[in-house]
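Asks: Following this message is one structure expressed as structure tokens.
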Number of protein chains: 2
Amino acid sequence: MHFSDALLLQSGKSIRDYTLAFETYGTLNADKSNVILVCHALNASHHVAGVYEGQAKSEGWWDNMIGPGKSVDTNKFFVIGVNNLGSCFGSTGPMHANPDTGEIYGSSFPVLTVEDWVNVQALLLDRLGVQQMAAVLGGSLGGMQALSWTLQYPERMRHAVVVASAPNLNAENIAFNEVARRAIVTDPDFHGGDFYAHNVVPERGLRIARMIGHITYLSDDVMNQKFGRELRDGPNIKFTTQDVEFQIESYLRYQGDKFSRYFDANTYLLITRALDYFDPAKKYGGKLSDALARSMAKFFLVSFTTDWRFAPNRSREMVQALLQNGRAVSYAEIDAPHGHDAFLLDDPRYLGAMRAYFEGIAKELTA
Amino acid sequence: MHFSDALLLQSGKSIRDYTLAFETYGTLNADKSNVILVCHALNASHHVAGVYEGQAKSEGWWDNMIGPGKSVDTNKFFVIGVNNLGSCFGSTGPMHANPDTGEIYGSSFPVLTVEDWVNVQALLLDRLGVQQMAAVLGGSLGGMQALSWTLQYPERMRHAVVVASAPNLNAENIAFNEVARRAIVTDPDFHGGDFYAHNVVPERGLRIARMIGHITYLSDDVMNQKFGRELRDGPNIKFTTQDVEFQIESYLRYQGDKFSRYFDANTYLLITRALDYFDPAKKYGGKLSDALARSMAKFFLVSFTTDWRFAPNRSREMVQALLQNGRAVSYAEIDAPHGHDAFLLDDPRYLGAMRAYFEGIAKELTA
């Protein structure tokens, strides 16, 4: 969907002539009340579920959750996956040309916030003629967008489903983001963000950024279980500081290499910064319950016991703030071993809890 | 102390004509029984305590613990601080010349293990005429050396004091080391480890390595308490992805910059690899209790509740393995907020427990 008009951003800058990539699944009902908007996290896109023509297997990042007969049942709901502005997966981003100059944006692409993304998503819904959604759903950074939706457009959704998320980043979260950003920015191939003109990619920095990220997505337990101290070429060590010795090293290098070949460095900076900045309680003196007083949605929050990136206590903060406002809140704390990544994985209790909640939403539609 | 003879290393390589930097504090008693050997961690040296001439303030990394009248009382003990081989603080390391070639070692410096360090320390004690020490003491990687001492030379110490340590690294520990190493090795200024010849230093990589390390040394709690989400140039965000916004970013950048100016990149690789490799239980099929059957020392272990690098359960593993062997073990789990760094900080309960234990050792000397 193309948008010609300039959109004023939180930074005071504006952007015009931009495109949003989105996908839909299921059928929009007559009164356009069965919409589920799915917001994505750092390394994801509008391709939430399903297969493209000729594909045997879905590359949709939430295909285990969303589809016909699944927890979020596309026989009942009209699901919209939208790629965030600034991404590198289809919507307008730093690798595209600035219509004002004809030059690639690069480092001049405006700095975006979660609030900006929500504003753009609202414009997309306007175009689709959707006034009120059944729910906004997101995990991690996507959960922050769902939360922000309830504050920016309280009347435009009946439910918000916030999975493995937090009401803001803590100092350690910001610290990991910052190390990743420094790795990218100090890569000589970054060229101040204008690497496109040099026909290079700051692959070294992106690799490091992804390796750091990956560590924070996994739990200690699952790392020990999957990799432990296993040597890749065992049984004996090779006495080398630079070659791979342990399986965990091999895994992280592989993840880093893969990521560096498809992810845009400027997008990485933008998205991690949007994460850092998100803090709806800030203008209420840090009082989250005051911030959430604007919300009108019913909430379902999910956290995972071994998630140390956005630990369960961060979800409980949101639950408490909502309860203090007398909002309807359901909360599931799933005992899962997989850390933050659990929100993307198959866990029967998790998928079951989601199914139950969305069945409730579906019943409201037909009531 | 200079050593001419070749020393066979665990890797099968050998090293000759090397020097160990060391310092001593206190007075060696007549029967040479009051020796406390202090082993250091990643970013430390033989300068454990005290001041150099003209200095107002000690730069000794354990000066709060070791000195006249302190927990490890140098009025009673003869304390030896020794700089590990391969370090960049005085002992022979990668920045020195290989006597076989006359060239700077660089990346050809032999890969070392904790066992190698202990063997070299034993040679130093031989030179000093010390047969049996009162104790070996170390924190973190230093604690691994103390543990290894009890297995390699069980009769050469009466006590081992192992603080904030672990019987091996887990997958997450190795993962963080590996990311740090990749940041260094992929820095174009690393030149395969032979950067000395190019008159450059892989500062970018060292900065990233140190920033990652620092995050793992601090607890989540203390980071939130010290930095939280505080902006450096508040109250408003500047909408920038590359400039410092948060205090935690400023702190990490400062720590990274400082470290990159004095720490050697090859040393960083060597020391983190020695950490990765340490695993005394490996040749006993992973059974730590079987490995520790060789030890004869009495043990004192200390851990800190908020240390997530070497969490208390890692110390408890050692305690259990020692108890299974019927060894005398004391264990203190200190409720401290500072994470792994706590082992270097002033905590009255921690310093008090150390004092009590070392007073006991001193009493044995005069008994």
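Asks: Considering region A:121-147 alone, what residues qualify as being among the basic types (Lys, Arg) and assigned to a strand (DSSP E or B)?
Replies: Listed by number, the list is empty, since nothing qualifies.
A quick yes/no check of all residues on (1) assigned to a strand (DSSP E or B); (2) more than 16 Å from A:Phe278 (Cβ to Cβ); (3) touching a Pro at 6+ places or on another chain (Cβ under 8 Å); (4) free of Cβ contacts under 8 Å to residues at least 12 places away in the same chain:
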| residue | (1), (2), (3), (4) |
| --- | --- |
| A:Asn84 | no, no, no, no |
| A:Thr92 | no, yes, no, no |
| A:Val111 | no, no, no, no |
| A:Glu115 | no, no, no, no |
| A:Asn119 | no, no, no, no |
| A:Trp149 | no, no, no, no |
| A:Val161 | yes, yes, no, no |
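Asks: If we keep just the residues of region B:31-56 that are free of Cβ contacts under 8 Å to residues at least 40 places away in the same chain and open to solvent by less than 60 Å² (accessible area, probe 1.4 Å), which is nearest to the chain's Cα centre (by Cα)?
Replies: B:Val48
Asks: Restricting attention to region A:316-329, does a residue exist that is at the interface with chain B (Cβ under 9 Å from one of its Cβ atoms) and at pLDDT 95 or above?
Replies: no
Asks: Go through (1) open to solvent by 20 Å² or more (accessible area, probe 1.4 Å); (2) outside any helix (DSSP H, G or I); (3) more than 8 Å from chain A (Cβ to nearest Cβ) one by one and return the number of the condition B:Lys283 breaks.
Replies: (2)
Asks: For region B:115-139, give me each residue that is in contact with a strand residue (DSSP E or B) (Cβ under 9 Å, 6 or more places away or on another chain) and either open to solvent by 10 Å² or more (accessible area, probe 1.4 Å) or within 14 Å of another protein chain (Cβ to nearest Cβ) (or both).
Replies: B:Asp116, B:Asn119, B:Leu123, B:Arg127, B:Leu128, B:Gln132
Asks: Applying the selection to region A:205-229, what residues are touching a Phe, Trp or Tyr at 6+ places or on another chain (Cβ under 9 Å) and open to solvent by 50 Å² or more (accessible area, probe 1.4 Å)?
Replies: Across region A:205-229, the qualifying residues are A:Arg207, A:Asp220, A:Lys226, A:Arg229.
Asks: Sort out which residues of region A:1-30 are within 28 Å of A:Gly69 (Cα to Cα), in a loop (DSSP other than H, G, I, E, B) and open to solvent by 30 Å² or more (accessible area, probe 1.4 Å), and write them in order of number.
Replies: A:Gly26, A:Thr27, A:Leu28, A:Asn29, A:Ala30
Asks: Please name all residue pairs, on different chains or six or more residues apart, with Cβ atoms under 9 Å, provided the first residue is in region A:67-81 and is farther than 19 Å from A:Ala353 by Cβ and the second residue is of a type in the set (S, T, N, Q) and surrounded by fewer than 19 Cβ atoms within 10 Å (Cβ to Cβ).
Replies: Here the result reads A:Pro68/A:Asn75; A:Asn75/A:Thr27; A:Phe78/A:Thr24; A:Phe78/A:Thr27; A:Phe78/A:Asn29; A:Ile80/A:Thr24; A:Gly81/A:Thr24, each pair linking region A:67-81 to a residue that is of a type in the set (S, T, N, Q) and surrounded by fewer than 19 Cβ atoms within 10 Å (Cβ to Cβ).
Asks: To continue, here is another question. Just to check your reading of the model, which residue among A:Arg253, A:Arg261, A:Arg232 is basic (Lys, Arg), within 17 Å of B:Ala171 (Cα to Cα), open to solvent by 40 Å² or more (accessible area, probe 1.4 Å) and within 31 Å of the chain's Cα centre (by Cα)?
Replies: Every option except A:Arg253 fails the conditions.
Asks: Among the residues of region A:160-210, count how many are polar (S, T, N, Q), closer than 30 Å to A:Arg327 by Cβ and over 18 Å from the mean Cα position of the chain (by Cα).
Replies: 0
Asks: Continuing with the same structure: What is the residue count in region B:235-250 for residues that are open to solvent by 90 Å² or more (accessible area, probe 1.4 Å) and hydroxyl-bearing (Ser, Thr, Tyr)?
Replies: Total meeting the criteria: 0.
Asks: While we're here: Looking at (1) more than 9 Å from every other protein chain (Cβ to nearest Cβ); (2) out of contact with any strand residue (DSSP E or B) (no Cβ under 9 Å at 6 or more places or on another chain); (3) without any contact (Cβ under 8 Å) to a residue 24 or more places away in the chain, which is the only condition A:Thr240 fails?
Replies: For A:Thr240, the exception is condition (1).
Asks: Please determine, by comparing only the residues of region B:169-204 that are on the phi > 0 side of the Ramachandran plot and either touching a strand residue (DSSP E or B) at 6+ places or on another chain (Cβ under 6 Å) or facing another protein chain (nearest Cβ under 9 Å) (or both), which one is most open to solvent (accessible area, probe 1.4 Å).
Replies: B:Gly192
Asks: Could you check, for region A:267-274, whether at least one of its residues is more than 18 Å from the chain's Cα centre (by Cα) and under 27 Å from A:Tyr357 (Cβ atoms)?
Replies: no
Asks: Next up: Kindly list the number of the only condition in (1) in contact with a Leu (Cβ under 6 Å, 6 or more places away or on another chain); (2) part of a helix (DSSP H, G or I) that fails for A:Phe299.
Replies: (2)
The values are calculated or read from the model by the stated rules, or taken from the named source; none is laboratory data. Keep in mind that what you see is a predicted model, and the values were worked out from it rather than measured. Cβ: placed from backbone, ideal geometry, glycine included. Neighbour counts: every protein chain shown. Surface accessibility is based on the protein's heavy atoms, side chains included, excluding ligands, DNA and RNA. Shrake-Rupley method; radii C 1.70, N 1.55, O 1.52, S 1.80 Å.
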